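Trainee: So that we are looking at the same thing, I have put the structure below in structure tokens.
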Amino acid sequence: MILRFLITCWMIGPLLPLQLVFTALPTASTSFRQAGVPNSAAPDPGNDRAWLSTASDGSERTPVEVTAQLFTLGAGAIPHPAQAALPRLRRPIPDRLVVLTFDDAPVTQAVFAAPILHKYKFGATFYICEFPPNFDDKTKYMSWEQVQHLDRLGFEIGNHTAFHTHVSRMSREQFHKSLAYIEDKCKIYGIRKPVTFAYPGYDARSKDLDVLTERGYLFARIGSERVYDPLSDNPLLVPGFNANGTDPGRVFDAMKQACDGKIVVLIFHGIPDYEHPWVTTPPQLFAQYMEFLHKNRYKVIAMRDLAKYIGPDAPEQDTPRGSALVGKQR
Ligand SMILES: [Zn+2]
């Protein structure tokens with residue numbers, strides 16, 4: 001019954017967080033949490049068998065396989081193929097590790113946010129698309145020259161599809177073309193090739209997500225409003241917290257969850273957002289957030305920097321047994 005309810009939610013709501021699925025599926029979620037726990041009763045996280053979870057039918061599945069099953073059931077798609085390899089840590093995840101992401105290329109990201117990020121030497125990823133119908137209006141959106149300048153400053157330019165099309169609405173060929181459009185623009189402007197992706201509308205329902213892997217993408221971000229656990233989350237389904245709105249308490253609470261091996265990924269749009277005001281982050285709040293991260297010595301990175309910590313090809317012995325995993329015991 002619970003599974004049927006969740007499947008229904010998945011089908012009607014592209015924003016349904018996987019967190020809900022994992023926390024509400026008793027057999028799967030419990031096993032996920034246990035999978036990386038290095039206590040005497042739990043499996044060894046360095047052992048591949050440790051990643052297996054027991055499904056309600058008694059079979060064992062990896063987190064990726066359970067995700068695949070949900071995609072299959074919910075989207076009428078073939079199993080989610082994004083990552084056959086299991087995520088492993090290259091090094092321990094430090095406390096206070098935050099990833100900053102900025103979607104849709106509103107001009108205020110370049111003229112207001114970037115100088116503050118640069119002042120604090122923060123890393124960040126700007127997910128670029130040519131948002132219709134007004135991308136050419138440079139009072140609302142960045143120019144490609146401004147995107148180029150962000151790259152020159154050391155920020156990451158990520159792919160958000162050509163025109164903000166949900167991947168569930170694209171064929172495999174269209175998805176390739178949409179990614180290639182932004183990659184080609186980057187090449188024209190001498191911008192480093194994107195290696196991370198953000199799903200427009202946080203909609204990751206597609207049978208063709210392996211297109212990302214084929215094109216060399218390492219990480220991809222959804223919404224979900226929860227922390228990223230690199231030991232159980234698919235790197236092509238990295239959850240993030242929306243940092244828009246006028247409730248700073250919600251954003252500060254999110255930041256404080258960057259501990260015990262978990263990573264907080266924040267999602268910003270315009271600061272403010274002239275085209276889509278409902279996703280605005282007020283400038284004074286944005287400044288407060290960045291000051292908080294700076295004063296409290298957070299390590300603030302771009303999505304691509306996650307590869308320093310996480311990779312399917314990381315040596316098994318690099319998987320930490322120490323403090324980074326302790327917090328998983330709840
Ligand atoms: Zn977007």
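Trainee: How high is the FRET efficiency between ASN134 and HIS176 when r is their beta carbon distance and R₀ equals 30 Å, given to the nearest 0.05?
Mentor: 0.70
Trainee: Find the centroid of the Cα atoms in the range 145-176 and in the range 118-137, then give the distance between the two in whole Å.
Mentor: So the separation of the two Cα centres works out to 10 Å.
Trainee: Quick one: which residues, 5 or more positions from GLY245 or on another chain, have an amide H under 5 Å from its amide H? H modelled 1.01 Å from N in the peptide plane, none for Pro or chain starts.
Mentor: Counting only residues 5 or more places away or on other chains, the set is THR280, THR281.
Trainee: While we're on this one: Sketch the reach of a paramagnetic label on THR246 as a point 7 Å from Cα along Cα-to-Cβ, and name the residues of the range 277-304 whose backbone nitrogen lies under 18 Å away.
Mentor: So the set is 277-289.
Trainee: Taking the Cα centre of each part, how many Å lie between the range 191-252 and the range 259-296?
Mentor: Their Cα centres are 16 Å away from one another.
Trainee: Let me ask you something else. Label points 7 Å out from Cα along the Cβ direction at TYR189 and ALA287: separation in nm?
Mentor: Going by the 7 Å Cα→Cβ label model, 2.7 nm.
Trainee: Right, another one. Sort THR280, THR213 so the one with the fewest other Cβ atoms within 10 Å of its own Cβ comes first.
Mentor: The fewest-first ordering by Cβ neighbours comes to THR213, THR280.
Trainee: Next question. Give me, ordered by chain and number, the residues 5 or more places off LEU236 or on other chains with an amide H under 5 Å from its own placed amide H.
Mentor: For LEU236, whose amide H was placed from the backbone, the distant partners under 5 Å are ALA220.
Trainee: Let me ask something else. Would you list, by chain and number, the lysines whose Cα falls below 29 Å from the Cα of LYS138, excluding same-chain residues fewer than 8 positions away?
Mentor: Partners found: LYS119, LYS121, LYS177, LYS185, LYS187, LYS193.
Trainee: Ranked highest first by average number of other Cβ atoms within 10 Å, how do 302-311, 170-179 line up?
Mentor: The packing order, highest mean first, is 302-311, 170-179.
Trainee: Could you tally the net charge around ASP233, taking each other residue with its Cβ under 10 Å from the Cβ of ASP233, Lys/Arg +1 and Asp/Glu -1?
Mentor: Residues close to ASP233 contribute a combined charge of +1.
Trainee: Whole-Hz Karplus ³J(HN,Hα) for the range 98-113, in order, using 6.51 cos²θ - 1.76 cosθ + 1.60 and θ = phi - 60°, x for Gly and Pro?
Mentor: Each residue's phi maps through the Karplus curve to give 10, 9, 9, 10, 10, 9, 6, 6, x, 5, 5, 5, 7, 8, 10, 6 Hz.
Trainee: To continue, here is another question. What is the fewest-to-most order of PHE131, PHE268, PHE252, PHE102 by other Cβ atoms lying within 10 Å of their Cβ?
Mentor: PHE252, PHE131, PHE268, PHE102
Trainee: Let me ask another. Would you mind ranking ASP136, ASP95, ASP104 by Cβ crowding within 10 Å, fewest neighbours first?
Mentor: In increasing order of surrounding Cβ atoms, one gets ASP136, ASP95, ASP104.
Just so you know, all these numbers are worked out from the coordinates, no wet-lab data involved. Computed from a prediction, not measured in an experiment: that's the story for all the values here. Every residue, glycine among them, receives a Cβ derived from its backbone with ideal geometry; neighbour counts consider all protein chains shown.
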